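J.: Structure below; questions to follow.
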Amino acid sequence: MYKGIKTLMLLLFVTGCSFGDTTQNSNDSDKQVKLEAEETIATPVEVLATNLHIPWTITKKGGTFFISQREGKMIETNLETGLIKKQELSVTKDILHEGEGGLLGLVLAPDFESSGQAFAYYTYKEDSATKNRVIALQKEGDKWTETKVLLEGIPGGRIHNGGRMRIGPDGMLYVTTGDSGNPDLSQAKNSLAGKILRMNLDGTIPDDNPFENSYVYSYGHRNPQGLAWDDEGNLYSSEHGQSAHDEINLIKPGQNYGWPVIQGDEEEPGMVKPIYHTGENTWAPSGIDYHNGKLYIATLRDSKIRSFDLSTKSVNILHENSGRMRDVYIENSQLYTITNNRDGRGTPQKNDDKLLKIEL
């Protein structure tokens, strides 16, 4: 099923777009999202791997990628040797690949090269209820084995499981969770649903978390699927809106981001508005990463890689025409991304899904 690494170079001409006022009120013509055509740009794209099956997270160490696939498989892709290998994954509770659930987030430990340790987020079923859990994994050869449960019992469902994980500049593990299709849970600080969680790498609760004896770092989220930090250590998250109004949020500890009470430019005391939202347009943003003052965002419904300038709040299209885009990973001015055309909502193209490299 898996073919060797391809070095096919594609030259895609992409039209950039800049978004103006993105107010949520569709009845006010002065507050509509405004599109202004920008200069056409040429973006070289290299196909690194093909025939993946619903890949969800890109991780990388040296010249090797480790990619989680939603059905519960792990893939190792080596750029130097051209080998693509399926990895065995052994966990103590079966992975539930149903709806938007499955094997989602994957992040390598800072000392992965010496320890072989990583962390994963996946969906499972227990007592007829769908849930999510965070586990530690140990890699030995071509096998990954669960070694510890960091956190489980996170509410899950066919939709809105969150699932993005990143290790922050502070060395803590950050985890996004969705509202699991039950919006009220996002406002309940005693629930793990609809939150961004923060934990030590051993699964314990940091002493400086904003709520005592709680993993909750921020709340009032619908379905956040992207996390990234800028050069100053500011945390940003991408989030799916209910009906358009997809968000980019600047995350501060202990803050309430409003779902399901507010969206778009709506305001409510004690709730934080996004620094940007898409108005009546739908992106369905997933993984994000930061580079030189911009966030780069993989979008599913919008089927593009977009850049968002944190200074000017302008948005441009970096890449399109590859279908649904799930994750972004940036290293040395190279952007890596994966398609998700086999997730049940896309239209698979030849040799999908793919791992791509884009020059920034």
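J.: Mind checking which pairs have a first residue in the range 237-258 that is free of Cβ contacts under 8 Å to residues at least 40 places away in the same chain and at negative phi and a second that is outside any strand (DSSP E or B) and of a type in the set (D, E, K, R), Cβ under 8 Å, 6 or more apart or different chains?
T.: Partner pairs satisfying both residue conditions: Q242/R222.
J.: Something else now. Which condition does P260 not pass, out of (1) of a type outside the set (D, E, K, R); (2) in contact with a helix residue (DSSP H, G or I) (Cβ under 6 Å, 6 or more places away or on another chain); (3) within 30 Å of S333 (Cα to Cα), if it passes all the others?
T.: Among (1) of a type outside the set (D, E, K, R); (2) in contact with a helix residue (DSSP H, G or I) (Cβ under 6 Å, 6 or more places away or on another chain); (3) within 30 Å of S333 (Cα to Cα), P260 violates only (3).
J.: Would you please name the residue that is surrounded by the fewest Cβ atoms within 10 Å (Cβ to Cβ), looking only at residues in the range 179-208 that are outside any strand (DSSP E or B) and in contact (Cβ under 8 Å) with a residue 60 or more places away in the chain?
T.: D184
J.: For the range 228-240, check the following and say yes or no: at least one residue is charged (D, E, K, R), over 18 Å from P155 (Cβ atoms) and touching a Lys or Arg at 6+ places or on another chain (Cβ under 7 Å).
T.: Checked the range 228-240: no residue is charged (D, E, K, R), over 18 Å from P155 (Cβ atoms) and touching a Lys or Arg at 6+ places or on another chain (Cβ under 7 Å).
Read the figures in this text as sums done on the coordinates, not as results from a lab. Remember, it's a predicted structure, so these values are computed and weren't measured experimentally. Using ideal geometry, Cβ is built from the backbone for each residue, glycine included, and neighbour counts are taken over all protein chains shown.
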